[in-house]
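Each value in this text was obtained by applying a stated rule to the coordinates, not by laboratory testing. This structure is a prediction, so every number in the text was calculated from the model and none was measured. Here the Cβ is made from the backbone with ideal geometry for all residues, glycine too, and neighbour counts use every protein chain on show.
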Amino acid sequence: MKQTVTKAQCEERPVGDTPTTDEALLRRYRSFGDRRAFEELVRRYERELYNYLHRYLGDAAMAEDAFQATFLQLHIKCSQYDESRRVRPWLYTIATNQAIDAQRRNKRHRLVSLDQRNQRGSDDAGSLLELSASEDPGPKEQFEIEESRSLTRQAVAELPEMLRVAVNLIYYQGLKYREAAEVLSIPVGTVKSRLHTAIRRLAEAFGPRDNPDDD
């Protein structure tokens, strides 16, 4: 005889039994106070959200504080979760708000690092400035690479905040346009417009420059 299992019974299963969606984990924590579900959400997003906050704030301690505050807010606001939304963009909305609050508390913006290596040791994907170098670059090539990265960091850090956030969400966190739009509470078309504006400004920053020493 085939046994039927209700949705509620499925969500009461231990986290480790079967792969569980973020949405199911959040429902389980909200409905049953399952700490393992909450801990699994933290585990899934620990590296991703911390890296995002670190780029946004440019400071490891501030990023750690904002990360902790993000999940504190998740705990506080889980009863307000709209089940029509996906958890990932909702978490990014909370994290972005926490980063903005952190900046306000410190009364100044931090430089944003866009060439950090992630904890797996590989370069960030989707770099705005694609750098080609040999596996073992010489001193001159290495200097040029570092100089280009420094210029990239400076150019992006000088973008207006609304453009910089769009660059971070799309290029470095890999969010889709609609997800970024949900995070920022703006239309998808506005996200695209901001991203195109950011790219244009970066292209201008890296455009040809007259060098008075080249005579």
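Computed quantities for the displayed model
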| item | result |
| --- | --- |
| Contact order relative to length of region 12-113, as percent, for alpha carbon pairs under 8 angstrom and 6 or more apart | 32 |
| Spacing of the two label points (7 Å from each Cα toward its C-beta) at residue 97 and residue 157, in nm | 2.9 |
| Debye intensity ratio I(q)/I(0), log10, region 12-113, q values 0.10, 0.14, 0.18, 0.20 Å⁻¹ (C-alpha model) | -0.29, -0.54, -0.82, -0.96 |
